[in-house]
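The next block holds one structure in the form of C-alpha cells; read it before the comments.
The values are calculated or read from the model by the stated rules, or taken from the named source; none is laboratory data. These figures come from a predicted structure and were not determined experimentally. Positions of Cβ are backbone-derived with ideal geometry, glycine not excepted, and every protein chain shown enters the neighbour counts.
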Ligand code: BDR
Ligand code: CA
C-alpha cells in the first residue's frame, strides 16, 4: 500500500480525496493551505473530515496566503464554508502545534508521496527551506494545471493560478512529479446516478458525501448548464495509489509567470519533434473511469472505518 501526506484546501473534492487517501493508502498526515476558502476554514474542514474518519491523523495548518498573489478563493463553487454546508457540523478537534511546512520537511520518507491538491504554497516553502527535501520523498502527485484550457482564466487552472510562483518552484524542483490537470480530471465526472447510489448507502461517509456532492452538482449546473461535476482532487490520490488506471505522458511542464492573458498557465510541451523540451512531469492523459469510479463509490459506501 502506498503512503502519503495530503496537502489540501478543502474544498468539496479535497474532502473526498482525504477520505479516499485514508482508505486506499497509509495517510501519514494532512497539511492545509489557503485556497478554496481561507486557511482557518480549510483547516477546520480538514479536521472535520479526519474526525468523521475517527482517525488519529495530524492536521497541520499551513500558508495563509500565496507567495506573491493576494489570496483567491472559490466559494462560488464550494460554498461559503468550503464544504457546501457540511463544514458547519460540530467538530471538537484542533490542529497540530506543528506548522505544515515543518511537518512536510520532517515527516516523509522515500516511500511517501506528497499529494498536493491545493495551491502549492506550502510545498514551495518547504523546497525553499531545504532543496534536498525532494530527494527524501517518493514523489509529488499534483492536481493542478491542464494540457489545454483552464477554469479560472481560459489558460489557467485554480490551484496554479492561485500561486504561480509556488507552482514554478515545485515544477522545477527535480522531484518525481505526476500531474492530474483539468484535461484528465474532466474525464472523472460524478452525476445524479452516483448521488443516488450514495443516498442508498447507510454509512456515515456516504451520508456526509451525498449532500456535499449534491451542492457541488447544483453549483456546476448553474455554471455550466450540465448536471455533473469533475472530482478533480481524488484523481491525484489515485494517480499515486492506482497508476495502472492512468495513461501518463512524460512532458516538460513550465509555469507562465508573466503573461497578461496566460499567467498561471501550465505550458506543456507536446511537440512531437526532437525540439521538445526535456520532460520533468508524468502528465496524466487518461483515466479508466470504469474502474476508478467504482473504487471511489466503494470507499464512500463503506460502513466500517479503517
Ligand atoms: C481545483 O481547484 C479547487 O477548486 C479544487 O479543489 C481543485 O483542487 C480544480 O481546479
Ligand atoms: Ca483542492
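Could you grab me the full set of residues in segment 5-29 that are over 17 Å from residue 62 (Cα atoms) and either in a strand (DSSP E or B) or more than 11 Å from ligand 1 (Cβ to nearest atom) (or both)?
Those that are over 17 Å from residue 62 (Cα atoms) and either in a strand (DSSP E or B) or more than 11 Å from ligand 1 (Cβ to nearest atom) (or both): 19, 20, 21, 22, 23, 24, 25, 26, 27.
Which members of segment 134-163 meet the condition of being under 26 Å from residue 70 (Cβ atoms) and either modelled with pLDDT under 95 or more than 16 Å from ligand 2 (Cβ to nearest atom) (or both)?
149, 153, 154, 155
The conditions are (1) surrounded by fewer than 19 Cβ atoms within 10 Å (Cβ to Cβ); (2) within 23 Å of residue 29 (Cβ to Cβ); (3) touching a residue at least 12 places away in the same chain (Cβ under 8 Å), and residue 56 fails exactly one of them. Which is it?
Of (1) surrounded by fewer than 19 Cβ atoms within 10 Å (Cβ to Cβ); (2) within 23 Å of residue 29 (Cβ to Cβ); (3) touching a residue at least 12 places away in the same chain (Cβ under 8 Å), only one is false for residue 56: (3).
Kindly indicate whether residue 35 is within 20 Å of residue 203 (Cβ to Cβ), within 16 Å of ligand 1 (Cβ to nearest atom) and in a loop (DSSP other than H, G, I, E, B).
No.
Yes or no, residue by residue, for (1) in contact (Cβ under 8 Å) with a residue 12 or more places away in the chain; (2) within 14 Å of ligand 1 (Cβ to nearest atom); (3) over 23 Å from residue 45 (Cβ atoms); (4) surrounded by fewer than 24 Cβ atoms within 10 Å (Cβ to Cβ):
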| site | (1), (2), (3), (4) |
| --- | --- |
| 117 | yes, yes, no, no |
| 126 | yes, no, no, no |
| 129 | yes, no, yes, yes |
| 137 | yes, no, yes, yes |
| 141 | yes, yes, no, no |
| 144 | yes, yes, no, no |
| 148 | yes, yes, yes, yes |
| 152 | yes, yes, no, yes |
| 156 | yes, yes, yes, no |
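If residue 216 satisfies every condition in (1) within 12 Å of ligand 1 (Cβ to nearest atom); (2) farther than 17 Å from residue 142 by Cα; (3) out of contact with any strand residue (DSSP E or B) (no Cβ under 7 Å at 6 or more places or on another chain) but one, which is the exception?
(3)
Given (1) within 30 Å of residue 29 (Cβ to Cβ); (2) in contact with a strand residue (DSSP E or B) (Cβ under 9 Å, 6 or more places away or on another chain); (3) surrounded by fewer than 21 Cβ atoms within 10 Å (Cβ to Cβ), identify the lone condition not met by residue 303.
The one condition residue 303 does not meet is (2).
Filter segment 230-273 down to residues that are away from ligand 2 (no atom under 16 Å from the Cβ), assigned to a loop (DSSP other than H, G, I, E, B) and touching a strand residue (DSSP E or B) at 6+ places or on another chain (Cβ under 7 Å), then give me how many there are.
Counting residues in segment 230-273 that are away from ligand 2 (no atom under 16 Å from the Cβ), assigned to a loop (DSSP other than H, G, I, E, B) and touching a strand residue (DSSP E or B) at 6+ places or on another chain (Cβ under 7 Å) gives 3.
Among the residues of segment 243-280, which ones are farther than 16 Å from residue 148 by Cα and crowded, with 17+ Cβ neighbours inside 10 Å?
245, 246, 280
Can you list the helices (runs of 4 or more DSSP H) found entirely within segment 83-172 that contain at least 1 residues being under 18 Å from residue 183 (Cβ atoms)?
Of the helices (runs of 4 or more DSSP H) lying wholly inside segment 83-172, those with at least 1 residues that are under 18 Å from residue 183 (Cβ atoms) span 158-162, 164-171.
Which is buried (at least 24 other Cβ atoms within 10 Å of the Cβ), more than 13 Å from ligand 2 (Cβ to nearest atom) and in contact (Cβ under 8 Å) with a residue 60 or more places away in the chain, of 16, 5?
Being buried (at least 24 other Cβ atoms within 10 Å of the Cβ), more than 13 Å from ligand 2 (Cβ to nearest atom) and in contact (Cβ under 8 Å) with a residue 60 or more places away in the chain holds for just one of 16, 5, which is 5.
For segment 219-229, which positions are surrounded by 12 or more Cβ atoms within 10 Å (Cβ to Cβ) and in a helix (DSSP H, G or I)?
Residues satisfying the conditions are 219, 220, 221, 223.
Among the residues of segment 39-54, write down those that are away from ligand 1 (no atom under 14 Å from the Cβ) and either modelled with pLDDT of 95 or more or on the phi < 0 side of the Ramachandran plot (or both).
39, 40, 43, 44, 47, 48, 50, 51, 52, 53
What's the number of the condition residue 185 fails, among (1) more than 16 Å from ligand 2 (Cβ to nearest atom); (2) in contact with a helix residue (DSSP H, G or I) (Cβ under 8 Å, 6 or more places away or on another chain)?
(1)
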